[in-house]
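Below you'll find the structure, written out as structure tokens, and then a few comments.
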Amino acid sequence: AAIANISIKTMSPSFFMTPSFSPSSVNKLYATDPTYNPLSQWAAKIKEIAAGFGVGFASNQEIDTIGIVPATYLAIRRALEQLPIFPQHLLTDYLFLPDVAIPQTPLVKGDACCLSIASASVLAKTSRDALLRQMDIDFPGYGFSQHKGYGTRKHRLILQQLGPSPIHRLSFSYKREV
């Protein structure tokens with residue numbers, strides 16, 4: 001699980017409103033053509049203009065041990081700890097964060113209506129994808145840089161052929177047959 005938090009000092013909405021970008025399209029871009037990656041350009045710009053940002057991960061072992069939702073909260077806390085500025089308020093994409101003593105507002109489809117959430121989503125996705133490109137090198141044959149960890153048909157076929165790698169979640173089970 002990759003989660004990002006971002007503190008914005010100033011951000012021009014015109015930077016994001018290009019023909020190929022709208023905040024609601026962030027999730028769709030990565031699910032289509034794996035060779036098309038405008039998000040890395042946006043990630044660099046976001047890092048340049050943000051007052052601060054943090055990206056947190058939870059490992060496959062942590063997810064297997066404590067579950068996906070608690071691991072998501074763990075990754076969020078790790079991202080918050082990386083922020084160089086203590087946030088006065090959190091805007092989150094749907095989730096309310098228990099045990100976080102910072103005022104917060106969960107927004108349904110937050111990446112579609114809030115530039116800071118969309119920006120955090122871009123940083124989380126590009127950080128996750130960079131990790132998966134490295135995992136593709138460390139564990140050849142699994143196609144991590146192509147499917148980016150999503151349970152695609154090809155990913156499931158590879159798992160049937162090779163078995164899980166050391167970075168696969170063992171608690172995950174596919175609902176559909178290959």
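Quick look at the numbers
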| read-out | value |
| --- | --- |
| Cross-chain or 6+ apart pairs with Cβ under 7 Å, the stretch 123-142 first and more than 19 Å from Gly54 (Cβ to Cβ), then open to solvent by 50 Å² or more (accessible area, probe 1.4 Å) and part of a helix (DSSP H, G or I) | Gly141/Leu162; Tyr142/Leu162 |
| In the stretch 89-104, the residues that are among the polar types (S, T, N, Q) and either crowded, with 16+ Cβ neighbours inside 10 Å or modelled with pLDDT under 90 (or both) | Thr92 |
| Identity of the residue in the stretch 60-71, touching a residue at least 40 places away in the same chain (Cβ under 8 Å) and open to solvent by 30 Å² or more (accessible area, probe 1.4 Å), that ends up farthest from Phe172 (Cα to Cα) | Ile68 |
| Test: residue in the stretch 151-165 that is free of Cβ contacts under 8 Å to residues at least 60 places away in the same chain and under 24 Å from Arg78 (Cα atoms) | no |
| Exclusive hit being in contact with a helix residue (DSSP H, G or I) (Cβ under 6 Å, 6 or more places away or on another chain), of a type in the set (Lys, Arg) and not in a loop (DSSP other than H, G, I, E, B), set Lys125, Lys154 | Lys125 |
| Answer residue from the stretch 105-136, given it is acidic (Asp, Glu) and more than 13 Å from Ser40 (Cα to Cα) and is surrounded by the fewest Cβ atoms within 10 Å (Cβ to Cβ) among those | Asp136 |
| Total residues in the stretch 72-88, condition among the aliphatic types (A, V, I, L, M), surrounded by fewer than 17 Cβ atoms within 10 Å (Cβ to Cβ) and not in a loop (DSSP other than H, G, I, E, B) | 0 |
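The values are calculated or read from the model by the stated rules, or taken from the named source; none is laboratory data. Quick caveat: nothing in here was measured; it's all calculated off a predicted structure. Using ideal geometry, Cβ is built from the backbone for each residue, glycine included, and neighbour counts are taken over all protein chains shown. To get the accessible areas, we keep the full protein, side chains included, count just its heavy atoms, and leave off ligands, DNA and RNA. Shrake-Rupley method; radii C 1.70, N 1.55, O 1.52, S 1.80 Å.
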